1. Mind checking the dipole of the range 11-124: about its Cα centre, +1 per Lys or Arg Cβ, -1 per Asp or Glu Cβ, Debye to the nearest 20?
2. Using a 1.4 Å probe and counting only protein heavy atoms, arrange V23, V48 so the residue with the most accessible area comes first.
3. So for the pair N84, R67, with labels modelled 7 Å out along Cα→Cβ, what separation do we get in nm?
4. Over the range 1-63, with the other protein chains present, what is the accessible area per residue in square angstrom, probe 1.4 angstrom?
5. With the contact rule set at Cα under 8 Å and sequence spacing of 6 or more, what percent relative contact order holds for the chain?
6. Whole-Hz ³J(HN,Hα) for each residue in the range 70-79, computed from phi via Karplus 6.51 cos²θ - 1.76 cosθ + 1.60 with θ = phi - 60°, x for glycine and proline: what do you get?
7. Please turn the phi angles of the range 80-96 into ³J(HN,Hα) values with the Karplus equation 6.51 cos²θ - 1.76 cosθ + 1.60 (θ = phi - 60°), one per residue in order, whole Hz, x for glycine and proline.
8. Heads up, I need the accessible area for L4: 1.4 angstrom probe, whole protein in place, Å², nearest 10.
Amino acid sequence: QVQLIESGGGLVQTGGSMRLSCVASGRSSNNYAMAWFRQAPGKEREFVAAISWSGDITDYSDSVKGRFTISRDNAKNTVYLQMNSLKAEDTAAYFCAGAPDYGYTIVLSSYDYWGQGTQVTVSS
């Protein structure tokens, strides 16, 4: 059984920065894709960023490209999301996810492991 536990959410002002962390316990996350998704109230869950098992491939949604950075430390079974220049529209619950059958994917349905989510609120 794999558990993904996110941390680092909270309240930040517009233009500020925040770093989310996701630690995987149980099966090692070193050999499969990891990603961050987010969901705002009344909206569908959407892709934010993904990283390959080795960390050499990353991808971002257009809305966060240039502002967010996904990274991973396989020695610590941890994935990070560094968020800079935050905007009010970044307010959402952020979910860490793992795709055990894929070395890299951005398709939501490929992700079988999910964290409980961490709330990020950007205020003006």
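1. 280
2. On the way: V23 65, V48 0 Å².
So the residues, ranked largest to smallest area, are V23, V48.
3. My value for the distance between the label points is 1.3 nm.
4. Roughly 53 Å² per residue, with all protein chains present.
5. Once divided by the residue count of the chain, the mean separation gives 36 percent.
6. Listing the rounded values in order: 9, 8, 9, 10, 5, 5, 10, 6, 10, 10 Hz.
7. 10, 9, 8, 10, 10, 6, 5, 10, 4, 6, 7, 4, 4, 7, 9, 10, 8
8. Using a 1.4 Å probe on the heavy atoms, I get roughly 10 Å².
The values are calculated or read from the model by the stated rules, or taken from the named source; none is laboratory data. Quick caveat: nothing in here was measured; it's all calculated off a predicted structure. Ideal geometry is used to build each Cβ from the backbone, glycine not excepted, and the neighbour counts take in all protein chains shown. The area values use the complete protein model at the heavy-atom level, side chains included, leaving out ligands, DNA and RNA. Shrake-Rupley method; radii C 1.70, N 1.55, O 1.52, S 1.80 Å.
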